[in-house]
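Every read-out reported here was derived from the displayed coordinates using simple, explicitly stated rules and does not represent laboratory data. Because the structure is predicted, anything quoted here is derived from the model rather than measured. Please note: Cβ atoms are built from the backbone with ideal geometry, for glycine as well, and neighbour counts cover all protein chains shown.
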Amino acid sequence: MILLTYTRFITACFFLLICISAGNPSPNPEKVKKLGEKLFHSTILSSDQTISCSSCHRPAFAFADSVAFSRGMNNQLTLRNTPSVMNVADRPYFFHDGRALSLEEQALGPIQNPLEMNLPFGEAIRRLNASKEWLDAFRKVYGHAPDSMSVLGSLAAFERSLETSQSLYDLSRRGKAELSADAEEGRQLFNGKAGCFDCHMGVDFTNDEFRNIGLFNGKNLNDSGRAAITGNKEDLGKFKIPGLRNVAVTAPYMHNGMFKNLDEVIDYYNNPDQFVSNSQNRDSLVHALGLTALEKQQLKKFLESLTDKRFSKK
C-alpha cells in the first residue's frame, strides 16, 4: 500500500509540473523523441556512468534482455526479469507488479533503483545541467534547461514511439501476406483450445489484468507480486499480463525468467503441475490443456508470427 501511495504521489507531482510549465511553447514531438532516445542510450543517468537504459532494454531483443536477471550497478542482479518496453504506449500499468501508472514513472524507477542505475533523481538533473552538451540539447528542444518534466517526458516519448505493426500476423490481417498452415492452426489453438485469448487479447495481445498463473508457492513473500502494491491477500502471486508482440525474441520468460524458450512456456501451460508444486492461489484459467506435440509446435509458429519484420533474421 505504501508503494501504491508513493506511485500516485509521483504521478501527481509529474502532472503538477506539466501544469506549471503549461505556459511554455510546446516542443516538437519528433525532437522530444530523439532527445529521449539519446538519453535512453546514454550512461549519464547511472551513478558511475557505466549503465544506460539500453544496457538492460536491449534493442536487438525487442528492448528486453536476453538473461533471466539483468546486471545493474556494481554487477548486482535485478530482482525480476527485464520486460520489453516496446508496444507499451497504450498500457495503463508498468513493471511486473504494475506499480507505475505512466511511462514517466516507469522511467524514473530504474534511475533511482540501487540495484540498477542507483542515481538520486535530483543528482541526475544536476548532472545534466552541468553538462554543456546536455544543457544545449535540452534548450534546443524545450527552450530551457533539463528539469524533471523534460527528462522523464523525453524518455517516455521515446518509449511511446517503440510500436510495431509489421509482423507476419499483421500483414496477414491486412491481406498482404499469409500465415503458414501451421501458424494458422496455431492461431486457432490460441483463440480456442489453448485458451491464450482469455488473457492475451487486443491489438497488443494483453487485457492488462493481473493474474496468478501458478508460479507463486507462498515461500518467496519478498516477491509476492501485485499484493505488495495493493496490500490485498487476493493479489498474492499475481503479475501483469504482458503483451505478446515480438515475444519470440524476448526470452527468457515470466517475471522470474524461469523459462528459457517458448517451448518451455507452452509446456508449462500445457501441464502446469509438472513444473510447480504447491502453487498457491493459481488462477482457474491455468490448467492442463491436453495439447499434442503437433499442436504445441503449431501454437509456437503462431507466436513466432507476432515478430515484427525489424527483428526477422535475414
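So the values come out like this:
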quantity	calculated
Amide H contacts of residue 259 (H built 1.01 Å from N, under 5 Å, at least 5 apart or other chain)	253
Residue 58 long-range amide H proximity, modeled H, under 5 Å	63, 64, 65
Sequence-distant lysines (8 or more away, or on other chains) whose Cα lies within less than 20 Å of residue 233	219
Distant-in-sequence amide H partners of residue 225 (H built 1.01 Å from N, under 5 Å)	237
Reach of residue 300 by Cα under 28 Å, taken over lysines that are not fewer than 8 positions away in the same chain	176, 193, 238, 240, 260, 309, 313, 314
Cα-only radius of gyration and Dmax that characterise segment 149-246, units Å	17.9, 50
Extension reserve of the residue 233-residue 174 stretch, reckoned as 0.36 nm per residue once the Cα distance is removed	16.8 nm
Angstrom value of the Kirkwood radius, inverse mean 1/r, which spans all Cα pairs in segment 232-314	14.3 Å
For segment 196-212, 3J(HN,Hα) per residue [Karplus equation, 6.51 cos²θ - 1.76 cosθ + 1.60, θ = phi - 60°, Hz, x = Gly/Pro]	5, 5, 4, 10, 9, 10, x, 4, 9, 6, 8, 9, 6, 9, 10, 9, 9
At 0.890 mPa s and 25 °C, Stokes diffusion of segment 176-314 via Kirkwood alpha-carbon radius, µm² per second	155 µm²/s
Cβ-Cβ FRET estimate between residue 130 and residue 166, R0 fixed at 35 Å, reported to 0.05	0.25
Pairwise label distance in nanometres, residue 217 with residue 260, each label 7 Å out on the Cα-Cβ vector	2.0 nm
Ascending count of other beta-carbon atoms within 10 Å, so fewest first, for 233, 296	233, 296
